[in-house]
Every structure is written in C-alpha cells, then in structure tokens.
Amino acid sequence: MNELNLFLEKLAESYANNSFVKITLSKPAYKSDGLLNVYIRLVSIKNELVFSFTYHYQTNDQVKNYTLEETNAELMELLTNKFKIARLFTLKEDVVLQFSKKGKGSLKTLPPSFENKPPETHDVPKKKRAALGKYLNVLGIADENGQVFPKMAGKFKQINKYLEIVENLLKDNQFNEPIRIVDMGSGKGYLTFALYDFMKNQLKLNVEIKGIEIRQELVDFCNDAAEKCGFEQLSFEKSTIQDLKEDKIDILIALHACDTATDDAIFKGVSAKAALIICAPCCHKELRQASKGKEIANPLLKHGIFKERQYEMITDAMRALIMEKQQYNTKIFEFISNEHTRKNIMLVASKSNKKPMVDKIDEEINTIKKEFNIDQHYLESLLDE
C-alpha cells in the first residue's frame, strides 16, 4: 500500500499549500452495495475548513464531513475495500492512483486540470420533490422505511425531474383554485400520485387530479392506492382519451400517449382552453406511415433510422406550431436522460394573452408540408372539425 500512502501524502501537501481542488473515487470494486462513486471537496462550515464527502449511491446521495485526519482514515478504508481509482486534483498537478484486479497499486502525475480553486461554500443538498411518503411504498417504488428500491431508482429520478419541471411551470402561470388537472393515460399512476402529493402536501395548493386510463385493472389499483394514501381529491376513471367528456381543465397532462393519442389529448386541452398542456409524445407513426410510397428528395430520409428520428421531430414541431395558432406559447426540450427512458422529449404549451401571427405560422407549417410531402397533420384535422 506504499502508493496509497504516497497519495495521502500528496493530499496533505496540497492541503498545506492551499492548492487542493477535489478528489474523485471511481470504479467500485463491488457494485452490489450500490455505491457508485465519491466526490470530495473542501467546504467552510462555521469558519472551519472540512473535507466534504458526497457518496453517490444508485438511489440517493449522502454527504459527510471530515477533518484531514479523518479524511485519511476514510480514504484508506475506501481505497482498500471499495474503489480502484482515485484522482486528486490540485492547482499544481493531478495525481491518479489506480489498483489492478490483483490489488497492485500504481501512481502517476498529470498536468493540472484546474487553474483556479472552486468556492469553498457549503451547498444546500439537492431538493427531492418526491417526498418519501406513503404513496411510494404503496406503488412499489420504496420500502416501508422510504428506501427506494434499486430497480426503481431510474423511475424515482424521473419523478423528481418531472416535479421540478412542473414546479417551474406553475411559477410561470397563474391558476384559480381548485386547480383541475387531467392526466391522460395515467398508467400505473407513478407520476400522477407524485404530482398530487407534491402540489397538495408540499405546495399546499387546492388541487383536483383525475387520471384517465383504459385498463380497468389499473384504474381499480390506482383508486385503491389513492384511498390507502388518503388522497381524497385524486381519482381515476376508465375511458379512452377520445371518449372523455371533460370541459373544465386547467392543466392537461399526456405522458407517453402513443402516436395520435397525444394529438387527441392536446385537442381535449385546447378545446377546454387549458392554461397549461404538458406532453411527452411517443411512437410517432402517423406522418411516417403516411409518407410511404411518396417521393421525398431529402437524402437524410434514405435510411430507416434517420427517417424515424426525422419524423419524430417533424411531428412534434408541427404540433407546437399548430398549438401556437391556438394562442399558446410552446417549448420542446429533453426532460430526462436517455439512460432512464428513450421517451424523453417534453412538449409544453401555456396559454398566451397575445394573438397569434396566424399567417406566419401557416407559412411555416406549409413549408414543412412541402418539404416532406405531408398532406395534413392529425391534430389539424381534429381542430378543423
């Protein structure tokens, strides 16, 4: 372990001469305990410098603070039993410690990655909007103690990102209470329950949420779960999106409604003059299938995979333009990494007070239609009825 001792000496030296930047530990020896990596930096707490360790687990982060002496002991433990690579960043050099499969260590120095030190401020832990409430256990996301199951870690991260987006959208829009929300295609209810809990119990808003789902077994399961959780203003109803009769909608949500079901949901929201429409479209088949047999000059569409992606962009871009004609401001963005779901594009529309520039929007829509030999978008046909 001579290399490890040399590494710790380099750490002590950088601390003494004020050149320490940070340490990263990576390549866990065992993945079974869920600890993926560790980040170490200096922070000032009550005018005293301490080493702040952020332990990044599969389901959450944990932060602990240590003195230099305690840091040496903790690094000795982590690099003996937990990790195979450590990198010390200083203003003078980078020091990399690496262990082979047989436990043999090697130490090398590299030119410094940093020219300046980061601020030694104590960060506020990242906000978890999905409070570890009863619904997470009832829905099978976490155990009775609120510990998220490893296999549900991606879903839990998706929920928190979704709530972060909704929180920002709520700040940008004004609603009269009760806020009436309809979730089209609510499925197992993960995001529906999280949204209700977040708005009702954390933001203290008067909210009524209805989940729409075609599968009776999921409707029954979600209604039973809502009762167990005491979510009195959360309900689920069996219906197709097309058959739903609901004219009082403040916020319409349609996450992963397949193909033209997204357009049916948007149409319901626009017809109800919803203040906010939130969609995560998937399975963009309509325009792509309609293009079969038509000559399209664009060479990008010669290859199937490119054609599929191109028509995803065309479909959602046209949806946004069509909603802008209906007096909505729109934006399209990636709402979570591909690591957690491929269905990661979100289309958001908020009702505007400004009259739309219809002629200009029509010109943009017609340009797309001409370029890709499109007769009509399904959403247009719904709104033209």
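Every number in this text was worked out from the coordinates using simple rules, so none of it is lab data. Because the structure is a prediction, the values reported are computed rather than measured. Here the Cβ positions follow ideal geometry from the backbone for every residue, glycine too, while neighbour counts run over all protein chains shown.
Quick one: 229, 222, fewest Cβ neighbours within 10 Å first, how do they rank?
Working: 229 19, 222 26.
Ascending Cβ contact count within 10 Å gives the list 229, 222.
Quick check on segment 2-110: take the gyration tensor over C-alpha atoms, sort the square-rooted eigenvalues as a ≥ b ≥ c, and tell me if it's rounded (a/c under 1.5), prolate or oblate. Oblate is the answer for segment 2-110, as a/c is 1.5 or above yet b/c matches or exceeds a/b.
The distance between label points at residue 357 and residue 373 comes to 3.2 nm (points 7 Å beyond Cα on the Cα→Cβ vector).
Calculated from DSSP H runs of 4 or more alone, at -39500 (n - 2.57) each and per residue, what is the 222 nm mean residue ellipticity of the chain, nearest 500?
Working: 11 runs with 136 residues, N = 385.
Value at 222 nm, helices only, nearest 500: -11000 deg cm²/dmol.
Which shape class applies to segment 20-84: rounded if a/c is under 1.5, otherwise prolate when a/b exceeds b/c and oblate if not, where a ≥ b ≥ c are the square roots of the Cα gyration tensor eigenvalues? Verdict is prolate for segment 20-84.
Highest mean first, the peptides 184-197, 368-381, 98-111 sorted by other C-beta atoms within 10 Å per residue fall in the order 184-197, 368-381, 98-111. Measuring nothing but how far apart in sequence close Cα pairs (under 8 Å, 6+ apart) lie, relative to its length, the chain scores a relative contact order of 10 percent. For residue 65, the residues 5 or more places off, or on other chains, whose built amide H falls under 5 Å of its own are 53. For residue 36, the residues 5 or more places off, or on other chains, whose built amide H falls under 5 Å of its own are 56, 57, 58. Screening the chain for whole DSSP H helices with an alpha carbon extent of at least 18 angstrom along the helix axis and a mean Kyte-Doolittle hydropathy of at least -0.5 yields 2-16, 68-81, 153-172, 216-229, 304-325.
Relative to one another, the C-alpha centroids of segment 1-49 and segment 172-242 are positioned 45 Å apart.
Based only on Cα atoms, what Rg/Rh ratio does the chain have, Rh being taken as Kirkwood's radius?
Radius of gyration relative to Kirkwood radius: 1.07.
Of the residues 19, 333, 195, the one whose Cα sits farthest toward the positive end of the charge dipole of the chain, with +1 on the Cβ of Lys and Arg and -1 on the Cβ of Asp and Glu, is 19.
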